[in-house]
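Peer 1: One structure coming up, written as structure tokens, with questions to follow.
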Amino acid sequence: MLSPHLLCSIALIATCLLAESPKDRDYNQPYRPQFHFSPRVNWTNDPNGLVYFEGEYHIFFQYNPFGDQWGHMSWGHAVSSDLVHWKELPVAIPEGDGVMIFTGSTVVDRNNTSGFCTGGKPCLVAVYTGHTPELAAGKTLQTQNLAYSNDRGRTWTKFSGNPVLDLHMSDFRDPKVFWSEQGKHWVMAVSLPDEHKVRFYGSADLKKWEHLSDFGPEGAASGQWECPELFELPVDGHATHTRWVLKVGLNPGALQGGSGEQYFVGHFDGKRFVNDNPPSLQLWTDYGKDCYCALTFNGLPKSPSPTHPQTQPLTPVQTMIGWMNNWQYAGKLPTSPWRGQMTFPRKLSLHTTSDGLRLIQLPSDAITKLHRQPFTRFIGNEKEINKYLAGHNRGDKMIDLTSTITLGGAKEAGLRLLWGEGAYTQVGYNIERKELFIDRTNSGEDGFSADFPARVSAPLALANPGQLQLRILVDRSSIEVFAEHGRLVMTELVFPKQNSRKLAVYSDGGKLAGASIRIWTVASIW
Ligand code: FRU
């Protein structure tokens, strides 16, 4: 006979086995993103310091370790080996001595230019804005600072010589640093928010910085300029023919209200960025309301060109992640115990269009790791497709969808997503106005801010007139639309009802001629 003691232990083990898994407990709330990064608990805003190093992708992020509102800004940290499954680690760089750790970037110091690296090996150096809220004089101070890690980002030491750049200004922030082959030095792009300028500095050792040039104001110049980002991209897949993209966040005053981001295409010689387009031209990286302070990875491995694998030199696939949010309502989102999430990683390229060179964004190919059952691949008219779609119950909300809609006689056509319990989000194209739009005015929970329930639109000339091409990622609380093979991107948060899972093609003002649709269900990363 088993002793009472042993019986008790068996009962305990059984209870443990039946208990909720960490995923259910921590990552399974109704609005919890299932394939987008969000911290387990508490507040996040901008992604910071994206870097690939020794087989790991690192995401750092603006984080409040003590609550679900902005405050005590520190760098949270998570790592991934495949760009989709993230493991959250302890806070990397905490607020300290009255100085918050604002947005910045991380570089791999391969040749120990900084003198921080030990053991003859490369180390990671983070360059961030130190934000001192109120000095005795009642003024805030923002300066640029360093921290370094010799153990693959697990522990960080703030440089004893901080700050490395101090203009005695209240607004001077968000350094993006990278190694410039052209300049043969480190380059920092940093924002002078109120002047609507990006200032460039150069350095041999990351510690002493020399002013190189200023860019701006150009394009859209309202609100404050934040989170500058500068990166080089091959033109039409030709690695030897490149241009530079300078991206700048604006808050408030962006295209769709609140925060948003614009970009410029031009030349960078290691010292100065020159816009190829007239200063008045405004180009937006995202035409939705919810993509801000996006950052690209430093240190990405080089891979063969997808278009010219034999003949082109190896280049990294530039990959960008943004904060999927808007300062208009970021503090009011109806989520708990976390607040804030990131976009899915996007691969970037530059393509020649009839309007000139434009940024193309598509979901990173890493998403294929999450694809499950291609339950639908269907071509037909509206009625046939919808009958087919209605017959499939997907169980959860996450999908990766590709669709081509032949507009025919319709004035407006598109997709109704996250539909059920009387709510849905509409992604559609208005043919007369030549506009793509997302309408979330009846998307579910939206009463937390008057700025949330909106219909936002963007000008879009179809490459193949009469045919709309869409790729859409749907998670439990977001929709990312990549139209016309990534030529126009719209990102929107939504808070659908529990059973809003249906999907349908719709048309208005006439009949659409037909559509093809392919849907992958997407697995949870948690
Ligand atoms: C942008 C921003 C940055 C700043 C950070 C503070 O969202 O305002 O300019 O560094 O957030 O959290």
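Peer 1: Output the residues belonging to region 351-408 that are among the small types (Gly, Ala, Ser), part of a helix (DSSP H, G or I) and open to solvent by 40 Å² or more (accessible area, probe 1.4 Å). If you could, list the steps in order and put the result at the bottom.
Peer 2: Our first condition is that a residue be among the small types (Gly, Ala, Ser); within region 351-408, this holds for 354, 356, 364, 366, 380, 390-391, 395, 403, 408.
Adding the requirement that they be part of a helix (DSSP H, G or I) leaves 366, 390.
Correct list: ALA390 only.
Peer 1: Now a separate question. Looking at region 189-200, is at least one residue surrounded by fewer than 18 Cβ atoms within 10 Å (Cβ to Cβ), over 20 Å from ASN45 (Cα atoms) and assigned by TED's automatic domain parsing to the domain that holds GLN328? Before the answer, list the steps.
Peer 2: Narrowing region 189-200 to residues surrounded by fewer than 18 Cβ atoms within 10 Å (Cβ to Cβ): 194-195.
Now restrict to residues that are over 20 Å from ASN45 (Cα atoms): 194-195.
After this cut, where a residue has to be assigned by TED's automatic domain parsing to the domain that holds GLN328 as well, the list is 194-195.
There is at least one residue in region 189-200 that is surrounded by fewer than 18 Cβ atoms within 10 Å (Cβ to Cβ), over 20 Å from ASN45 (Cα atoms) and assigned by TED's automatic domain parsing to the domain that holds GLN328.
Peer 1: Here are GLY249, GLY270, GLY219, GLY266: which of them is assigned to a strand (DSSP E or B) and more than 16 Å from the ligand (Cβ to nearest atom)? Walk me through how you get there before you give the answer.
Peer 2: On the way: GLY249 fails: more than 16 Å from the ligand (Cβ to nearest atom); GLY270 fails: assigned to a strand (DSSP E or B); GLY219 fails: assigned to a strand (DSSP E or B).
None of the others qualify; the one that does is GLY266.
Peer 1: Could you list, in sequence order, all residues of region 478-504 that are open to solvent by 20 Å² or more (accessible area, probe 1.4 Å) and within 20 Å of PRO30 (Cα to Cα)?
Peer 2: Hits for region 478-504 are LYS497, GLN498, ASN499, ARG501, LYS502.
Peer 1: Further question: Determine which member of the set ASP451, ASP475 is among the charged types (D, E, K, R) and buried (at least 23 other Cβ atoms within 10 Å of the Cβ). I'd like the intermediate steps shown before the answer.
Peer 2: Numbers: ASP451 fails: buried (at least 23 other Cβ atoms within 10 Å of the Cβ).
After applying the criteria, what remains is ASP475.
Peer 1: Can I ask one more? Given the structure, is THR113 touching an Asp or Glu at 6+ places or on another chain (Cβ under 9 Å), touching a residue at least 60 places away in the same chain (Cβ under 8 Å) and either open to solvent by 30 Å² or more (accessible area, probe 1.4 Å) or not assigned by TED's automatic domain parsing to the domain that holds LEU192 (or both)? Break it down stepwise before answering.
Peer 2: On the way: touching an Asp or Glu at 6+ places or on another chain (Cβ under 9 Å): yes; touching a residue at least 60 places away in the same chain (Cβ under 8 Å): yes; either open to solvent by 30 Å² or more (accessible area, probe 1.4 Å) or not assigned by TED's automatic domain parsing to the domain that holds LEU192 (or both): yes.
Judged against the criteria, THR113 is a match.
Peer 1: May I pose another question? Go over the candidates ARG377, ARG358, ARG339, ARG372 one by one and state the one that is closer than 30 Å to GLY509 by Cα and of a type in the set (D, E, K, R). Give the steps one after another, and end with the answer.
Peer 2: Details: ARG358 fails: closer than 30 Å to GLY509 by Cα; ARG339 fails: closer than 30 Å to GLY509 by Cα; ARG372 fails: closer than 30 Å to GLY509 by Cα.
Selected residue: ARG377, the only one of ARG377, ARG358, ARG339, ARG372 that is closer than 30 Å to GLY509 by Cα and of a type in the set (D, E, K, R).
Peer 1: Quick check: anything in region 261-269 of a type in the set (D, E, K, R), under 23 Å from the mean Cα position of the chain (by Cα) and surrounded by 20 or more Cβ atoms within 10 Å (Cβ to Cβ)?
Peer 2: So far as region 261-269 goes, yes, one or more of its residues are of a type in the set (D, E, K, R), under 23 Å from the mean Cα position of the chain (by Cα) and surrounded by 20 or more Cβ atoms within 10 Å (Cβ to Cβ).
Peer 1: Same structure, new question: Report every pair of residues separated by at least 6 positions or lying on different chains whose Cβ atoms are under 8 Å apart, first residue within region 173-198 and at positive phi, second surrounded by fewer than 23 Cβ atoms within 10 Å (Cβ to Cβ) and among the small types (Gly, Ala, Ser).
Peer 2: LYS184/GLY270; HIS196/GLY216; HIS196/ALA221
Peer 1: Given the conditions (1) within 14 Å of the ligand (Cβ to nearest atom); (2) out of contact with any helix residue (DSSP H, G or I) (no Cβ under 9 Å at 6 or more places or on another chain), and given that ARG173 satisfies all but one, which numbered condition is not satisfied?
Peer 2: (2)
The values are calculated or read from the model by the stated rules, or taken from the named source; none is laboratory data. As the structure is a computational prediction, the values presented were derived from the model and not from experiment. Here the Cβ is made from the backbone with ideal geometry for all residues, glycine too, and neighbour counts use every protein chain on show. Side chains are part of the model used for accessible areas, which takes the heavy atoms of the whole protein and leaves out ligands, DNA and RNA. Shrake-Rupley method; radii C 1.70, N 1.55, O 1.52, S 1.80 Å.
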